[in-house]
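Q: I am attaching a structure below and will ask some questions about it afterwards.
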Amino acid sequence: MLTFPALGFGLGLRVPHYEAILATLPAVDWFEVLTENYLVPGGRPLHYLLRIREHYPLAMHGVSLSIGSSAPLDREYLRELKSLAQRLEPAWISDHLCWTGVAGRNTHDLLPLPYTEEALANVVERVRTVQDFLGRRILLENVSSYVAFRDSRLTEWQFLAEIAARADCLILLDVNNIYVSSVNHEFDPLEYLDGIPGGRVQQIHLAGHEDHGDYLIDTHDAAVPDPVWELYAQAVRRFGAVSTMIERDDHIPRAARVPGLPAARRSRGGSGGCRDGARAARHASRDLRGRLSQPAGRGAREQLSGARQAAGRS
């Protein structure tokens, strides 16, 4: 069972938008905040955040948990995380299924894991410890990746689903990351969606990426591209009304211009519960799975490109 009912469509809270949000109270259902920006007990960022919290639900999203590391958990970070959560009362807390450093060194990157039983058991034990300390379940997000480990014995989606089941945690499903990794590693993104248990998906991320021809890089600095929207429509069909937000960390638009919000609301069938979301997604992407049928080994880019062309002819 999920921790919280669907909140609707949200956005990542960014510093350039603080004043505009408080002045205009835009029609956004909720905001996601970067945990590490607000761990200091005082200061202007926390001042603005507490004011915005008076008007909107919030979700906390971190980048420092390093849940996949072999190093001991950072207890000081966990104490700060718990203290902030007690002040904000967020709908949920999330971080990434990755490791970010070892031996006291932080790489400031979200590094992938080998999909092995040993890594699985390590992550499950650490998630349980974190959840016991926080007194709540957390969400883990799938990251984009550019290398793979020869020792992996599971697919990424099997690994993620098994962690959620064994640790009783929830999933933040990043649809852009699925698409980026599916191109880079040549797997079927729809198979990924089918392998994720619907009852565990609490939130969805959408974002943009850079296309370098043979590979994609997750950048969060551009509009959500069509293939990601199409994959998101399939996710809505699979999981129903799930709280969804757009990430934008660079080339940030003005607050008055919310990138992708109208398209997202159409895919979801509106906001604030999104009861007709699955029906709208079926209409937007009808027969997409059939159009993506293709010989093994063909990459996701070709699959979704062909689906768009076919949809345009239908």
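The values are calculated or read from the model by the stated rules, or taken from the named source; none is laboratory data. For clarity, every value in this text was computed on a predicted model and none was experimentally measured. Cβ placement follows ideal geometry from the backbone for every residue including glycine, while neighbour counts extend to all protein chains displayed. When the accessible area is computed, the model is the full protein with side chains, heavy atoms only, and any ligands, DNA or RNA have been set aside. Shrake-Rupley method; radii C 1.70, N 1.55, O 1.52, S 1.80 Å.
Q: Being in a strand (DSSP E or B) and within 14 Å of ASP168 (Cα to Cα) narrows it down to one residue among LEU140, LEU110; which is it?
A: LEU140
Q: For residues in the stretch 163-184 being over 15 Å from ILE204 (Cβ atoms) and not hydrophobic (A, V, I, L, M, F, W, C), which is nearest to the chain's Cα centre (by Cα)?
A: Only one residue fits best here, namely SER181.
Q: What's the total number of residues in the stretch 232-247 that are of a type in the set (A, V, I, L, M, F, W, C), modelled with pLDDT of 95 or more and open to solvent by less than 10 Å² (accessible area, probe 1.4 Å)?
A: So the count comes out to 4.
Q: Let me ask another. In the stretch 81-107, what residues are under 30 Å from TYR56 (Cβ atoms), part of a loop (DSSP other than H, G, I, E, B) and without any contact (Cβ under 8 Å) to a residue 60 or more places away in the chain?
A: Of everything in the stretch 81-107, those that are under 30 Å from TYR56 (Cβ atoms), part of a loop (DSSP other than H, G, I, E, B) and without any contact (Cβ under 8 Å) to a residue 60 or more places away in the chain turn out to be GLU89, PRO90, CYS98.
Q: Let me confirm something: among LEU2, LEU11, LEU97, which residue is open to solvent by 10 Å² or more (accessible area, probe 1.4 Å), closer than 14 Å to LEU172 by Cα and modelled with pLDDT under 95?
A: After applying the criteria, what remains is LEU2.
Q: Quick test for you: out of ARG150, ARG136, ARG128, pick the one residue that is out of contact with any His (no Cβ under 6 Å at 6 or more places or on another chain), open to solvent by 60 Å² or more (accessible area, probe 1.4 Å), under 16 Å from SER66 (Cα atoms) and among the basic types (Lys, Arg).
A: Result of the check over ARG150, ARG136, ARG128: ARG128.
Q: Considering every residue within the stretch 16-23, establish whether at least one is within 23 Å of ILE171 (Cβ to Cβ) and surrounded by fewer than 21 Cβ atoms within 10 Å (Cβ to Cβ).
A: Checked the stretch 16-23: no residue is within 23 Å of ILE171 (Cβ to Cβ) and surrounded by fewer than 21 Cβ atoms within 10 Å (Cβ to Cβ).
Q: Take the stretch 39-80 and flag every residue that is open to solvent by less than 10 Å² (accessible area, probe 1.4 Å), among the β-branched types (Val, Ile, Thr) and outside any helix (DSSP H, G or I).
A: Matches in the stretch 39-80: ILE67 only.
Q: Run down GLY199, GLY213 and say which single residue is open to solvent by 20 Å² or more (accessible area, probe 1.4 Å), small (Gly, Ala, Ser) and part of a helix (DSSP H, G or I).
A: Going through GLY199, GLY213 in turn, just one is open to solvent by 20 Å² or more (accessible area, probe 1.4 Å), small (Gly, Ala, Ser) and part of a helix (DSSP H, G or I): GLY199.
Q: Determine which member of the set LEU170, LEU120 is farther than 23 Å from VAL33 by Cβ and modelled with pLDDT of 95 or more.
A: LEU120
Q: Next question. Filter the stretch 24-38 down to the residues that are within 25 Å of VAL224 (Cβ to Cβ), open to solvent by less than 70 Å² (accessible area, probe 1.4 Å) and either among the acidic types (Asp, Glu) or not in a loop (DSSP other than H, G, I, E, B) (or both) and list them by number.
A: Within the stretch 24-38, ASP29, TRP30, PHE31, GLU32, VAL33, LEU34, THR35, GLU36 meet the criteria.
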